[in-house]
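Colleague: The structure follows.
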Amino acid sequence: MKVSEENVEISSGGTITSLVPIQTTLARKKIVLTLEKIIKRTVDFIGGIVGTIALIPITIVLYIANLISGDKGPVFFTQERIGQNGKVFKMYKYRSMVVGADEKLKEYLAENEEAREEYTKYKKLKYDPRVTKIGEFIRKTSIDEFPQFINVLKGDMSLVGPRPYLPREKEDINGFFNYIMSCKPGITGFWQVNGRNDVTFNDRLDMDMQYYYKHCLKLDIKLLMQTAKKVVKREGAI
């Protein structure tokens, strides 16, 4: 039997099925995914511009507030994080901790077993002695994350995605690394809207894998709305 390019023999029983509907469906899905990527990047770009402009007055206020509190350290803080496809980038934040916080953390964990166990489980401390007076406020209001709009504008991050991991956490991510890192990291995401401060590191990995399997424009919009609600109600930090 002669089979045209639009048909293919599926089984030994001679069943002929047209490939056209399948090809059409795949083509439509590809178009939808491409459009979603374009829309996502456009929204990121616009959000990055608006957020970066908003940094000007916020930075001035924080600089003055730090001086009044006796903190003469820099307003901004940069830290290396793992980005999409494993590329390391510099993430921007407003400094909420004392200068030399990483060294102080090592000393604190070495002297405090309970804190060491907490950090091993959550990769952070609920009551961190390194946080400054102004730092406590900007963390509760999530203002410390605002400089990441610069990262969004640069293309290092997205508004929504897995929270970027620290290079030292790479080994703890284990076999999930390639999956999670295929997504561009975000300012907000599953972890940030689901009790970030009370979520274990393993739970965070589970949430990031959920985002990997489910991410789409509709989900991003939903997470952005949930984030806005969290920030307004001050229900934890994003």
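Colleague: Normalising by the residue count of the chain, find the relative contact order in percent from Cα pairs under 8 Å and 6+ residues apart.
Modeller: The value is 20 percent.
Colleague: How many Å³ per residue does the convex hull of the Cα positions in the chain occupy?
Modeller: Per-residue hull volume (Cα only) is 156 Å³.
Colleague: May I ask for the angle, rounded to the nearest 10°, between helix 113-122 and the longest principal axis of the chain, with both axes built from Cα atoms and the value confined to 0 to 90°?
Modeller: The helix 113-122 is inclined about 30 degrees to the chain.
Colleague: Sum -39500 (n - 2.57) across every DSSP H segment of at least 4 residues in the chain, then divide by the residue count to get the 222 nm mean residue ellipticity, nearest 500.
Modeller: When only DSSP H runs of four or more count, the value is -17000 deg cm²/dmol.
Colleague: Using only Cα atoms, find the angle between the long axis of helix 101-111 and the longest principal axis of the chain, and express it within 0 to 90 degrees, rounded to the nearest 10.
Modeller: Here the helix axis deviates by roughly 80 degrees.
Colleague: Still on this structure: Can you put Thr34, Thr78 in order, fewest other beta carbons within 10 Å first?
Modeller: Sorted ascending by nearby Cβ count, the order is Thr34, Thr78.
Colleague: For the residues Asp206, Asp220, what sequence is obtained by ranking on other C-beta atoms within 10 Å, fewest first?
Modeller: Arranged by neighbour count, lowest to highest, Asp206, Asp220 become Asp206, Asp220.
Colleague: Please rank Arg204, Arg168, Arg41, Arg196, fewest neighbouring Cβ atoms within 10 Å first, as an exposure proxy.
Modeller: By the 10 Å Cβ count, ascending, the order reads Arg168, Arg41, Arg196, Arg204.
Colleague: Along the Cα→Cβ direction, 7 angstrom out, place labels at Leu35 and Lys121. What is the inter-label distance in nm?
Modeller: Spacing of the two 7 Å Cα→Cβ label points: 4.7 nm.
Colleague: Right, another one. Which entries in Lys87/Lys140; Lys124/Lys214; Lys37/Lys106; Lys121/Lys230; Lys72/Lys222 show an alpha-carbon gap greater than 32 Å?
Modeller: Over 32 Å apart, Cα to Cα: Lys37/Lys106; Lys72/Lys222.
Colleague: Mind ordering 140-146, 161-167, 118-124 by average Cβ neighbours within 10 Å, highest first?
Modeller: Output ranking for 140-146, 161-167, 118-124: 161-167, 140-146, 118-124.
Colleague: Could I ask something else about it? Hey, can you rank 54-60, 82-88, 185-191 by average C-beta count inside 10 Å, highest first?
Modeller: 185-191, 82-88, 54-60
Colleague: Counting each pair of different Cα atoms once, what's the Kirkwood radius of segment 35-101 in Å, rounded to one decimal?
Modeller: After inverting the mean inverse Cα-Cα distance, the result is 14.3 Å.
Colleague: How far is helix 201-214 tilted off the main Cα axis of the chain, in degrees rounded to 10, range 0 to 90?
Modeller: The answer is roughly 40 degrees.
Colleague: Report the far tail of the P(r) of segment 109-216, meaning the percent of Cα-Cα pairs longer than 18 Å.
Modeller: Value for segment 109-216 (Cα pairs over 18 Å): 56 percent.
Colleague: Rg (Å, one decimal) plus Dmax (Å, integer) for the alpha carbons of segment 81-130?
Modeller: Cα-based Rg and Dmax for segment 81-130 come out at 13.1, 36 Å.
Colleague: Separate question: Taking the Cα centre as origin and putting +1 on Lys and Arg beta-carbons and -1 on Asp and Glu beta-carbons, what dipole magnitude results for the chain, to the nearest 20 debye?
Modeller: With Lys and Arg at +1 and Asp and Glu at -1, about 740 debye.
Values in this text are rule-based calculations from the coordinates and carry no lab data. Please read these numbers as outputs of a predicted model, since none were measured by experiment. Neighbour counts are summed over all protein chains in view; Cβ atoms, including those assigned to glycine, are modelled from backbone coordinates with ideal geometry.
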